[in-house]
Structures are given as C-alpha cells and as structure tokens.
Amino acid sequence: MGFIFVTPEYNHGVPGGFKNAVDSIGPEWAGKAVGCVAYGADGGVRAVEQWRVIMANLHAHVVRAQVSLSLFTEFGEDGFRPQERRAEELKSILGQVVELAGKLRG
Ligand SMILES: Cc1cc2nc3c(=O)[nH]c(=O)nc-3n(C[C@H](O)[C@H](O)[C@H](O)COP(=O)(O)O)c2cc1C
C-alpha cells in the first residue's frame, strides 16, 4: 500500500499534529511505501528529511523522489503557481511509490 504525505514544515521540523496522527497508528505503517510533497518557506525539505527518519523507525519506506514547493515563489495572491518541473517530479514520486508498494506487497 502506498501513501503521499503532503507536509508543511514548522520550525525546521514536521508539523506536530501530523506527527501525532502518524504515531497514533504506529505499527500499521510497517511495510508501507510513502512519498512526500512538501511546502514551506524553504520548500519543506527539512520536514521531508525528518519524515524519512520517522518512517524508517516505523518500518515504512519513503521514496527518493520528492516535491518541495516554495511559499514565496509558488503560492501567491493569485493562487498556486507551481514551477513547470513539478509535474514531472510528482510523476516520479507516484511511479516510485507504486513500484515500491508492489515490491513490499510481494
Ligand atoms: C511558527 C511557524 C514556523 C515556521 N517554520 C518554518 C520552517 O522552519 N521552514 C519552512 O520552510 N517554513 C516554515 N514556516 C512556514 C510554514 O511552512 C507555512 O506557513 C505553511 O503554509 C504552513 O502550512 P499549513 O498552513 O498548511 O499548516 C513556519 C510557519 C510558522 C507559522
């Protein structure tokens, strides 16, 4: 089974409420594939690095591909304006999550 985490970053870390939700079903994450789409002032890259460590402890696996959206350049008063390359990045995440979920299921 695969999951996509859409995560902001708060004070260089994962959001507390999201972490609490993940923790609350701890053992159920074992053997699952996860991809991360992050956003924040710095693209949420540190939150994704933390999710990699957190999910490894729960025996889940975060794929290498990720999307890091900048609050400053991709969100504005005129709405959500992602960089062109984001579509390909998202495809990579989905492809890697589907492939890994298949392997883990086997
Ligand atoms: C208290 C606070 C701390 C934040 N710290 C970070 C940070 O360390 N890195 C970052 O990239 N963005 C940071 N941000 C920006 C948030 O990621 C941004 O506001 C985001 O939109 C929050 O997502 P949400 O409204 O969906 O919870 C911070 C925002 C707040 C209010």
| task | Determine the percent antiparallel among the DSSP beta bridges restricted to the chain, to the nearest 5. | result | 20
| said: Give me the 1.4 Å probe accessible area per residue for the range 1-46, excluding ligands and nucleic acids, in Å². | reply: 50
| query | Any idea how far apart E84 and E28 come out in nm if each label point goes 7 Å out from Cα toward Cβ? | reply | 4.2
| task | Pop out the carbon and sulfur fraction of the accessible area of the chain as a percent, whole number, probe 1.4 Å. | result | 57
| request: Between K19 and S92, with labels modelled 7 Å along Cα→Cβ, what's the label distance in nm to one decimal, could you check? | output: 2.7
| task | Find me the longest stretch of the chain that has none of the exposed GluC sites (Glu not before Pro), where exposed means in a DSSP loop (not H, G, I, E or B) with at most 16 other Cβ atoms within 10 Å. | result | 1-76
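The values are calculated or read from the model by the stated rules, or taken from the named source; none is laboratory data. Note that the coordinates shown come from a computational prediction; the quantities given were computed from them, not determined experimentally. Counting neighbours? That spans all protein chains shown, and the Cβs are built from the backbone with ideal geometry, glycine included. Accessible surface areas use protein heavy atoms only, side chains included; no ligands, DNA or RNA. Shrake-Rupley method; radii C 1.70, N 1.55, O 1.52, S 1.80 Å.
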